[in-house]
Amino acid sequence: MSAVVDLSSAEREVRDKAAMASPVSDRFVTDAALKPAFFDWLCRMGDNALVLGHRTSEWCGHGPVLEEDIALANTALDLIGHTQLWLGLAGEVEGRGRDADQLAYLRDAAQFRNLLLVELPNGDMGVTLMREFLFDAWHHACLSWLIAHSQSPRVAEIAAKAIKEVTYHLERASDLVVRLGDGSGESHARMQAAVDLLWPYTGEMFKSDAIEAELVKAGIVPASETLRETWERTVSEIFEEATLDMPEDGYSHLGGKQGRHTEHLGFILAEMQFLQRAYPGASW
Amino acid sequence: MYAQLIKSEGMKSREEMSQEEIAFQERVDRGEKIEPKEWMPEGYRKTLIRQIGQHAHSEIVGQLPEGNWITRAPTLERKAILLAKVQDEAGHGLYLYSAAETLGVSRDELLEKLHSGEMKYSSIFNYPTLNWADMGAVGWLVDGAAIMNQVPLQRTSYGPYSRAMIRICKEESFHQRQGYAVMMKMAFGTPEQKEMAQDALNRFWFPALMMFGPSDKDSVHSAQSMAWKIKINTNDELRQKFVNETVPQAEYLGLTIPDENLVWNEEKQGYDFSEPDWSEFFEVIKGNGPCNRERLGARVKAWTDGAWFRDGLSAYAEKAAARRAAIVAAE
Amino acid sequence: MSKKEWPLWEIFIRGQHGLNHRHVGSLHAPDAEMAINHARDVYTRRKEGVSIWVVPSVQITASSPSEKGPLFDPAESKTYRHPTFFDIPEEVGKM
C-alpha cells in the first residue's frame, strides 16, 4: 500500500530526464526579429517527430512479429522524446508561456508544420518502413548538419541528443529495406510499391522557403536543398542493395511546412487532442 | 490470473508414483529448480505449456485494451509512459513464449492455438477501455491483481518460468504505480475526471476479482499444480489478499468500491466481499465477453498481415547464407 | 500463415565493461545480424548492456542432465580450491 501511494518513480524518471538539460545560453532564443521564423522552424522539427511518432505508435500491439512490435515502439518512444525537446524550445522562443504539450495538443492542423510524408497513413509494414527510411535518411543528414554547423547552441544540443537514436533508426530501417527489397517476390513487390507511393512526398524535404531563408542567413539551419545530395546518396546505395528502382523525379506534393496538409492530419489531431479539447484546463 | 482455469492433472498419491516421479517430487519439495531437458512427468510438462502459454497469450492480447488509448493519451509524457508500458507487455509475452519453448513447443504453434481458440487468454482483456481513467484502473487493478500472482511465481519450480517471472516482476514494478498515479490525477481532478475514475472502478472491480479464477472449492486439479509448485497460492487466498490491499487504496482516492457487502471482518482480519458473477466469467471465457471478437480478431489480423514480412525476411536470410556459402566455396 | 518459423537465438549481454556476457533469454530472428538488432530492442530497453552475443539455440551443446553427478561432484572434494581452505595467521595481514 505505502509503496503505491508514493508517486510513480517511473514518471519522475521521465520528468527528471526531460528537465536535466540546464539551458545553455543562446542569444537566438530571445532574438525578437528572428522569433517568428525560428518558432516556425522549431515546430517543423517538433511536428515531424510528433506526427511520425504518433503514426509509429499505432503499430503497438499490431506488429507482424513480437520483436518488430517492440522495435517499432522503441522508435516511437524516441520520436516522442524528440518532440518534447523541439516543441519545448519552440515554446520558449515563442515566449507566450506555451509548453510542448500545449503546442502539441492545442494547435489546429493549419498551425502544424510537419512534412506531408509523415502524416500519411501507415499502410502495410512496407509503407511504414519505407517512409521511416526515407525520413530517417533526411533526418540524419539534417541533424548532422545542425551539430556541425548550427550557430544556435540550443539547436545543436537537441540535435546531438537526437542523433544517437536517429542513427539507430536509420541503420535499422536501411537494413529492413534491403532485406525486404531483396527478400521474397512478394516483399520486393510491396517495397517497390511503397517507394512509388511515397516518392512524390519526398521532394518537400528539400524545398526551401522564406522562413527557412531567414534562419539560413543567421547560420542556424541548413538550406533544405543542400541536404539532398547526402540523402540521395544514402537512398540510392540502399535501393541498389535492396534491388529497388528509384523513381524518376516527378511531381512533388508540397505544403506541410506551411500548414497546408492532407486530410489525414485532421483525423490524427482529432484523436490525439480529444481529451485536451473535451476537458479544457484539466490536469492529467 | 493471467492463467485461469488451467487444466492440470489429477493428484497422484505416493503409492501411485513411479521411482522417477518420487525422485522428481522430492527435488521440487527441496526447492530445487527443474531445468529444460531434465526428466519431468509428462503431466508437469503439459500443464506448464498450457499455463505459460496462456500467460504469454494474455500479455500480448493485454496490449490491446491499453494500446487503444496510446494515440489518445492526453499529454506527451502520458503517451510515452503508456507506450513504454504496453511495449513491456509485448516483451513479457516474448519472455514467456521463450520459457514455453524450452518445453518442446514452438512459439508459432502456440500462436496458432491462440488464433484457433484452442488456447485461452485472461478473461480481463475482453472488457473494453472506455475512458482515460481506464488506463489508471487497468494499471492499478489489473496489474495489481497480476502482481499478486506473479511475485510468488518467481519461486516456481520450473527454472525458465521462474527466471522469466523474475525479469517480468522487475520490469513491472512501475506498471501498477503508473496506473495508480493516473487514478490519483483523475480522482483528485475536475468533477468530470473524478466521475471517469469512479466509472472505471465500477467497471473493472469485478472483472479484476475474476482474474484469480473460480473459488477454490470449484477449482479443478489445483492440488497437483501446487504440489509441483507451478501454482503457489490458491485462488481464494490471492483474491482475499488483493481485496485487503486494494480497499484502502480506493479509500485514499475517495472512490467507492461497487460492492454493498464489502465490510471489514475483524475476526479474519480481512474484508468480506461479494463474489463476482461467475456465470458472466464463464460466458467471457466461452467467447461472449464484450470484446472477445475484437481482441482475437486484432491478433489474427496482425499475424496474417505480417506473414509476408516474416517470410520476406526469411527469404533474404536464406539468400544471404547461400551467397556467403558460395564465396567460401570459391575460395 | 508463415511458411517457416524464424529460428530461436540465445542472447548474451555484457552488462558493463569488464564483466562476462551473461545469458539473458532468447528471441526469434531470421539471421544473426537481425538477432542482434532484436536483442538490442528487446533486452536492452532499460540500457542494460554494452555488448551483445547471439547464438543459434540449436548450436548449444548442453551437458546431459544425467551426467550432472559425475561432472560436478568431484569438485566438491577439492575444497583446497577455495580460499577459505587455508588458515593464514592474522599477523600476516590481508591476503
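The values are calculated or read from the model by the stated rules, or taken from the named source; none is laboratory data. Since the model is a prediction, treat every value here as computed from it, not as a measurement. Glycine gets a Cβ as well: all are built from the backbone with ideal geometry, and neighbour counts include every protein chain shown. Areas reflect the complete protein model, heavy atoms only, side chains present, ligands, DNA and RNA absent. Shrake-Rupley method; radii C 1.70, N 1.55, O 1.52, S 1.80 Å.
What residue, of B:GLU59, B:GLU15, is at negative phi and open to solvent by less than 10 Å² (accessible area, probe 1.4 Å)?
Selected residue: B:GLU59, the only one of B:GLU59, B:GLU15 that is at negative phi and open to solvent by less than 10 Å² (accessible area, probe 1.4 Å).
Right, B:TYR252: within 30 Å of A:GLY281 (Cβ to Cβ) and in a helix (DSSP H, G or I) or not?
Details: within 30 Å of A:GLY281 (Cβ to Cβ): yes; in a helix (DSSP H, G or I): yes.
Here the answer is yes, as B:TYR252 does meet what is asked.
Exactly one of (1) in contact with a strand residue (DSSP E or B) (Cβ under 6 Å, 6 or more places away or on another chain); (2) buried (at least 17 other Cβ atoms within 10 Å of the Cβ) is unmet by B:VAL263. Its number?
Of (1) in contact with a strand residue (DSSP E or B) (Cβ under 6 Å, 6 or more places away or on another chain); (2) buried (at least 17 other Cβ atoms within 10 Å of the Cβ), only one is false for B:VAL263: (2).
Give the residue that is farthest from B:ASP305 (Cα to Cα), with candidates limited to residues of the range C:1-48 that are at pLDDT below 90 and either within 12 Å of chain B (Cβ to nearest Cβ) or buried (at least 20 other Cβ atoms within 10 Å of the Cβ) (or both).
C:GLU48
Among the residues of the range A:48-102 satisfying the criterion of being among the acidic types (Asp, Glu) and closer than 19 Å to B:VAL86 by Cβ, which is most open to solvent (accessible area, probe 1.4 Å)? Spell out the reasoning first.
Kept after step one, since they are among the acidic types (Asp, Glu), are these residues of the range A:48-102: A:58, A:67-69, A:78, A:92, A:94, A:99, A:101.
Okay, now just the ones that are also closer than 19 Å to B:VAL86 by Cβ, so A:58, A:67-69, A:78.
Numbers: A:GLU58: 61, A:GLU67: 0, A:GLU68: 1, A:ASP69: 6, A:ASP78: 30 Å².
Going through the qualifying residues, I end up with A:GLU58.
Just give me the residues in the range A:242-276 being away from chain B (no Cβ under 14 Å), out of contact with any Leu (no Cβ under 9 Å at 6 or more places or on another chain) and not small (Gly, Ala, Ser), in sequence order.
Within the range A:242-276, A:ASP245, A:MET246, A:PRO247, A:GLU248, A:ASP249, A:TYR251, A:GLN258, A:GLU263 qualify.
Only one of these is closer than 30 Å to A:SER184 by Cα and facing another protein chain (nearest Cβ under 8 Å): B:ALA298, B:ALA329. Name it.
Details: B:ALA329 fails: facing another protein chain (nearest Cβ under 8 Å).
Matching residue, one of B:ALA298, B:ALA329: B:ALA298.
Looking only at the range A:219-229, which residues are surrounded by fewer than 17 Cβ atoms within 10 Å (Cβ to Cβ) and in contact (Cβ under 8 Å) with a residue 24 or more places away in the chain?
A:GLY219, A:THR226
I'm trying to understand the selection: among the residues of the range B:85-107, which are more than 7 Å from chain A (Cβ to nearest Cβ), in a helix (DSSP H, G or I) and among the hydrophobic types (A, V, I, L, M, F, W, C)? Don't jump to the end; show me each part of the working.
Let us first name the residues in the range B:85-107 that are more than 7 Å from chain A (Cβ to nearest Cβ), namely B:85, B:88-89, B:92, B:95-107.
Adding the requirement that they be in a helix (DSSP H, G or I) leaves B:85, B:88-89, B:92, B:95-101, B:107.
Listed by number, the residues that qualify are B:LEU96, B:ALA99, B:ALA100.
I need a count of the residues in the range B:150-184 that are open to solvent by 30 Å² or more (accessible area, probe 1.4 Å), away from chain A (no Cβ under 14 Å) and polar (S, T, N, Q).
Result for the range B:150-184: 1.
All but one of (1) within 24 Å of B:GLU59 (Cβ to Cβ); (2) touching a residue at least 24 places away in the same chain (Cβ under 8 Å) hold for B:MET226; which doesn't?
(2)
So which helices (runs of 4 or more DSSP H) are wholly in the range A:1-68 and hold at least 2 residues that are modelled with pLDDT of 95 or more? Before the answer, list the steps.
Values: elements: A:2-5, A:9-19, A:35-57.
It comes to A:35-57.
Scan the range B:250-270 and give yes if some residue there is in contact (Cβ under 8 Å) with a residue 60 or more places away in the chain, within 14 Å of chain A (Cβ to nearest Cβ) and within 30 Å of B:LYS33 (Cα to Cα), otherwise no.
No.
Of the residues that make up the range A:105-125, is at least one outside any helix (DSSP H, G or I), touching a Cys at 6+ places or on another chain (Cβ under 8 Å), open to solvent by 20 Å² or more (accessible area, probe 1.4 Å) and closer than 29 Å to A:ALA90 by Cα?
Yes, the range A:105-125 contains a residue that is outside any helix (DSSP H, G or I), touching a Cys at 6+ places or on another chain (Cβ under 8 Å), open to solvent by 20 Å² or more (accessible area, probe 1.4 Å) and closer than 29 Å to A:ALA90 by Cα.
When only residues in the range A:169-188 that are facing chain B (nearest Cβ under 7 Å) and in a helix (DSSP H, G or I) count, which is surrounded by the fewest Cβ atoms within 10 Å (Cβ to Cβ)?
Of the range A:169-188, the ones facing chain B (nearest Cβ under 7 Å) are A:179-180, A:182-184, A:186-187.
Checking which are in a helix (DSSP H, G or I) leaves us with A:179-180, A:186-187.
Details: A:ARG179: 27, A:LEU180: 27, A:GLU186: 16, A:SER187: 25.
Step by step, filter the range A:169-188, then rank; the result is A:GLU186.
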